[in-house]
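First comes the structure, then the notes that go with it.
The values are calculated or read from the model by the stated rules, or taken from the named source; none is laboratory data. What you see is a predicted model; the values in this text were computed from it and never measured. For neighbour counting, all protein chains shown are included, and Cβ atoms are generated from backbone atoms with ideal geometry for every residue, glycine included. The protein model used for the area step is the full one, side chains on, heavy atoms only, and it has no ligands, DNA or RNA in it. Shrake-Rupley method; radii C 1.70, N 1.55, O 1.52, S 1.80 Å.
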Amino acid sequence: MTGLKSIIDIGWNLDNSYARLPKKFFSSENPTPVRSPKLVILNKPLAATLGLEVQALESDEGTEVFAGNRIPKGASPIAQAYAGHQFGHFTMLGDGRAILLGEQITPLGERYDIQLKGVGRTPYSRGGDGKAALGPMLREYIISEAMFALGIPTTRSLAVVTTGEKVIRETDLPGAILTRVAASHIRVGTFQYVSQWCTDEELMALADYTIERHFPEVKDDNKPYLSLLNEVIKRQASLIAQWQLVGFIHGVMNTDNMAISGETIDYGPCAFMDTYDPATVFSSIDVRGRYAYGNQPSIAVWNLARFAETLVPLLHETQDKAVELAQDALSSFEELFNNNWLAGMRSKLGLFNQEPEDKSLIENLLDMMKRHNADYTNTFRALTFDKPEDTALACNAEFEKWYKQWQERRDRQQESKASSHQLMKGSNPAVIPRNHRVEEALEAAAKGDYSVMNRLLEVLSRPYAHSPEQNEYSTLPAKSNRPYRTFCGT
């Protein structure tokens, strides 16, 4: 650790199980020290959950760790190798600007990766500088914490520090480093890398490690690697359904951005939909709409098929049989996703039981929302409080007919209207990270004012509170002739 000092233990309880896997899976790398780091935000509740001392993390020593200038006790820094299909094209990748410090073992015995993002070049940087700008790192902090509050599986953000240095993009931007916390950083792309460039024995080692870390309940199954595939499919079917239910658009669903754990990972050009439209795309690089909101379930299946391909050598000794087993497993995704999505939509409409016509009831509402440019979140929020007049569908005969059918549907269930209302309140967020609000916070932060972001984070931390102070954060942006666009922020 030349040039890097160890510090006293401030709650770090790090293990390095991934670094004990075959050496081809990673490179031992230290972060590049930065000039004058400054802590701009610390996730105190998350720090406490991890077993870390908040006051110590706010000290100069804590900031030095978040900047990569100091290595905490027990860390063994590595950059992970992986590959992936980016917009359908396969390429070698890896942690081009991230270093995994190790795995924090919490007081409850849980294991979480602690990764620094934006800490300089690694062997996988592919010509990049390995640095990160402040805006994209704060954006990931905001969106990932909002997703956590919404109850959606996600990586989380522990801290952001500025580096005191500039990064060169289209213009000079303030540099920053994000500390990301994840169940793990094992991706579909990790398996693709090992499948492409390593031995079957090394592939088995990765699969065994993944099972032990994320799916220990299947390790004694007769076909543990088939069970692994099935469990990953189940988690992704649930995750993508949850994205759809809140109008979240990931923006860059490459295979290297799909976590085996089932967490949402890599918040680049992500955004939340305002006006309901399945064709919605925000990412500036997704010019053909491959990763549009309505395409996310089918892209998830495509990514899972790439994962299944990597497991073929482990699924059966005969390749044809292995392929058959993989295809059978993949065929379950559609039903799993539909069941998750339909159950979620029933909850959004206050429905406890099932009726055959529910799907058409839901689809008719969504179709009207699309045709009348209705806001996705606010429409369900208005229905929650029986205020159809607050929607873009008000005074429409077709909607009035639908509204009557919905009321009759609710009346047929045993549960009371009050119970239905509570179900809807807990299923329909009052606030989401509105794109204009996120941009407002980032613009203020770029000028050194973090109060706008802190206020936004406070509001987003209780999305189902439906409190009066949230009203101003539910308003739509001013109309613009230019579509909202997001960027990867590399």
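Structure summary
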quantity	calculated
Any pair with Cβ under 8 angstrom, 6 or more apart, that starts in segment 343-363 at a residue that is on the phi < 0 side of the Ramachandran plot and ends at one that is open to solvent by less than 20 Å² (accessible area, probe 1.4 Å) and in a loop (DSSP other than H, G, I, E, B)	K348/N428; L351/Q413; F352/Q413; N353/Q413; D358/L351; L361/L349; I362/L349
Residue selected from segment 382-400 under the condition open to solvent by less than 30 Å² (accessible area, probe 1.4 Å) and in a loop (DSSP other than H, G, I, E, B), by the criterion farthest from T475 (Cα to Cα)	L393
Count of segment 70-112 residues which are among the hydroxyl-bearing types (S, T, Y), closer than 30 Å to V287 by Cα and crowded, with 20+ Cβ neighbours inside 10 Å	1
Residues (farther than 19 Å from T280 by Cα and either among the small types (G, A, S) or open to solvent by 90 Å² or more (accessible area, probe 1.4 Å) (or both)) located in segment 459-488	S461, R462, A465, S467, P468, E472, S474
Neighbours by Cβ (under 7 Å, 6+ apart or cross-chain): first from segment 84-108, farther than 17 Å from P72 by Cα and charged (D, E, K, R); second in a strand (DSSP E or B) and open to solvent by 10 Å² or more (accessible area, probe 1.4 Å)	R97/K117; R97/K131
Filter result (surrounded by fewer than 23 Cβ atoms within 10 Å (Cβ to Cβ) and assigned to a loop (DSSP other than H, G, I, E, B)) within segment 205-252	F215, K219, D220, D221, N222, K223, G247, V252
Residue that is open to solvent by 30 Å² or more (accessible area, probe 1.4 Å), at pLDDT 95 or above and among the hydroxyl-bearing types (S, T, Y), where the choices are S451, S420	S451
D274 being among the charged types (D, E, K, R), buried (at least 21 other Cβ atoms within 10 Å of the Cβ) and either without any contact (Cβ under 8 Å) to a residue 60 or more places away in the chain or under 27 Å from A392 (Cβ atoms) (or both)	yes
Considering residues of segment 438-463 that are outside any helix (DSSP H, G or I) and in contact with a helix residue (DSSP H, G or I) (Cβ under 6 Å, 6 or more places away or on another chain) only, the residue nearest to F148 (Cα to Cα)	S461
Subset of segment 401-416 (residues that are open to solvent by 60 Å² or more (accessible area, probe 1.4 Å), touching a residue at least 12 places away in the same chain (Cβ under 8 Å) and not polar (S, T, N, Q))	R412, E415
Check on T379, under 22 Å from W243 (Cβ atoms), out of contact with any Asp or Glu (no Cβ under 9 Å at 6 or more places or on another chain) and either open to solvent by 80 Å² or more (accessible area, probe 1.4 Å) or at pLDDT 95 or above (or both)	no
Output for segment 160-201, where each listed residue is in contact with a strand residue (DSSP E or B) (Cβ under 6 Å, 6 or more places away or on another chain), surrounded by fewer than 24 Cβ atoms within 10 Å (Cβ to Cβ) and basic (K, R)	K166
Residue count for segment 338-374, restricted to those that are among the acidic types (D, E), part of a helix (DSSP H, G or I) and open to solvent by 30 Å² or more (accessible area, probe 1.4 Å)	2
Test: residue in segment 296-306 that is at negative phi and at pLDDT below 95	no
Which numbered condition G289 misses (of (1) at pLDDT 95 or above; (2) open to solvent by 10 Å² or more (accessible area, probe 1.4 Å); (3) of a type outside the set (F, W, Y))	(1)
Residues (buried (at least 18 other Cβ atoms within 10 Å of the Cβ) and either on the phi > 0 side of the Ramachandran plot or assigned to a helix (DSSP H, G or I) (or both)) located in segment 22-48	F25, L46, A47
Residue list for segment 118-141, filter: within 15 Å of D266 (Cβ to Cβ) and either of a type in the set (D, E) or surrounded by 24 or more Cβ atoms within 10 Å (Cβ to Cβ) (or both)	G118, A132, P136, M137, R139, E140, Y141
Residue in segment 226-242 that is touching a Ser or Thr at 6+ places or on another chain (Cβ under 6 Å), over 30 Å from R346 (Cβ atoms) and at pLDDT 95 or above present	no
Residue within segment 208-227 that is within 30 Å of S427 (Cβ to Cβ) and touching a strand residue (DSSP E or B) at 6+ places or on another chain (Cβ under 8 Å) present	no
Filter result for E335 (without any contact (Cβ under 8 Å) to a residue 12 or more places away in the chain and open to solvent by 40 Å² or more (accessible area, probe 1.4 Å))	yes
Filter result for the condition that a residue is without any contact (Cβ under 8 Å) to a residue 40 or more places away in the chain, open to solvent by 10 Å² or more (accessible area, probe 1.4 Å) and assigned to a loop (DSSP other than H, G, I, E, B), over V281, V301	V281
Cβ pairs under 8 Å, 6+ apart, first in segment 24-37 and closer than 11 Å to P123 by Cα, second in a loop (DSSP other than H, G, I, E, B) and of a type in the set (V, I, T)	S27/T122; E29/T122
Cβ-Cβ under 6 Å pairs, at least 6 apart or on other chains, segment 45-73 side closer than 18 Å to G120 by Cβ, far side open to solvent by 10 Å² or more (accessible area, probe 1.4 Å) and among the β-branched types (V, I, T)	A67/V34; R70/I7
